[in-house]
1. To the nearest 10 Å², what's Arg96's accessible area with a 1.4 Å probe?
2. Give me the net charge for the shell around Cys53: Cβ to Cβ below 13 angstrom, other residues only, Lys and Arg +1, Asp and Glu -1.
3. So between Arg225 and Phe56, what do we pick up on full extension, going 0.36 nm a residue minus the alpha carbon distance?
4. Roughly speaking, to the nearest percent, how much of the range 273-422's 1.4 Å accessible area is carbon and sulfur?
5. Excluding residues fewer than 8 places away in the same chain, name every one of the aspartates and glutamates whose C-alpha is closer than 14 Å to that of Lys6.
6. Over all directions, average the projected area of the Cα convex hull of the chain and note it in nm².
7. Nearest 0.05, what FRET efficiency do Glu306 and Tyr106 give at R0 = 51 Å with Cβ-Cβ as r?
8. Taking DSSP loops as anything outside H, G, I, E and B, show the longest stretch in the chain free of GluC sites (Glu not before Pro) there with at most 15 other beta carbons within 10 Å.
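The values are calculated or read from the model by the stated rules, or taken from the named source; none is laboratory data. Here the structure is a predicted model, which is why all the values come from computation and not from measurement. A quick note on method: Cβ atoms are made from the backbone with ideal geometry, for glycine too, and the neighbour counts reach across all protein chains shown. Heads up: the accessible areas ignore ligands, DNA and RNA and are worked out on the full protein's heavy atoms, side chains in. Shrake-Rupley method; radii C 1.70, N 1.55, O 1.52, S 1.80 Å.
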Amino acid sequence: MNLLTKDLLINFLIILFPLFLLQMSYLVKYVYRLDALKGSFLTIFPILSLVLCMLFPVVIEEDFVWDLRWIPFLLGGLYGGYRLGIILIVITLFIRYITGGENGFYVSCISFPIMGVSLFFISKYYLKMSVSKKILIGISLIFIVHTLTQFISTQIFELTIGISLWKQYFTIQVIGIVVVILLWEVILTNFQVLEKLVKAEKLQIVSHLAASISHEVRNPLTVTRGYIQMLSEDVSSHTKVQYANIALNELDRATDVINDYLTFAAVSPENKERLRVSEEIQHVVNRIKPLANDNGTGLKLSLFEEEAYFIMGEKKKFQQCLFNILKNGLESMQDDGEIYIHLIPDATNIQIMIQDQGIGMTQEQIYRLGEPYFTTKNKGTGLGLMVSYSVIKSMDGTIHVSSVQGKGTCFSINLPIHRYEPI
Ligand code: ADP
Ligand code: MG
């Protein structure tokens, strides 16, 4: 292979390199939701390409160097508008000036501004064109650039370069601009699709939310309203107490749903703090005790700690997570039974085991735990464990469930110990 072609191919790789960076930065922006990374960061890539191309050129004569700088220049002008075009012209002329070669510098001084002005007019229409038209425009521009530079160098500055070299140069530039336009378009389209997907996902959550609120919150409210209305009727005081209890239960259900949604949607900013595990469990147990008493269920705690164990998390969310698991345990037991809560620490993790003597689950049910709206209860919401799972995940923990039908279920929550200190 001709030595010059080899050098031009290296130049070609230099042009592709910033495109991969572009792809990568888009991914980083998407994965880490870096909204601060504005569209203007795209302008860095043509500039980077141009500078690299010019710093590693193909030297044909002492006075005359070749490189593929036209490709990033045209691309920047077409996609980035006239401001980027002007920046690119200034950078090109500056680098061309300091790298030496008077005649070549003058060729650039004439050809770049001419092309800059043409790009200014074309770029207005360019972005709205189809990909095939864009490629056609790209090839035509390369052709014009090529003819222009060839004309200026041979006619005005009388530089004589073999015709076969001009052909090689032209071919590589055409291939380059086609590949680069295609890649640029593919990358842009890819990420537009991704952005649409994220938006669609958000809309879906909102519509689910609206549907659930109308079901799970409106129903209990309607029932409550009905019973309160009936309270004003002439009924015995015993019946009144019954009605009031039903109304209160329904209100509690509505509150549960709202709590779960708020915990899951995390309206408040993340606010992690050091939590003492046994203290949090005790708090939740106190909260759930009235429910357990109604149910005839006992709660057995073995929170014996040689030391105080701490974890990092959000207090309210962690409590809600434990509450949901304990409440499921209560609900799984029709007859009297016990719920055991154990703390099992090891060197790095602490395990909270919550064991009930309820109806248990099938393997398939265990598999579906944490899925939104998965419930086997008549009045269930299927949101409780979704919340618990997401809270534990946000605390870098895991949940393991084992269950025997008719015997009971054990939820083991594993959380990293933050740092434990002697009491
Ligand atoms: P909900 O309690 O509203 O049904 P959850 O997300 O809290 O929603 O629980 C989902 C399902 O998981 C429950 O409907 C139940 O079938 C099952 N489940 C959860 N915990 C237990 C448990 N301790 N024993 C038996 N089944 C359970
Ligand atoms: Mg539940």
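1. 10 Å²
2. Cβ neighbours under 13 Å give a net charge of 0.
3. Result for the pair: 52.9 nm of gain on full extension.
4. 49 percent
5. Leaving aside aspartates and glutamates fewer than 8 places away in the same chain, those within reach of Lys6 are Asp67.
6. Working: hull surface 128.8 nm².
Approximately 32.2 nm², given one-decimal rounding.
7. 0.05
8. In short, 308-423.
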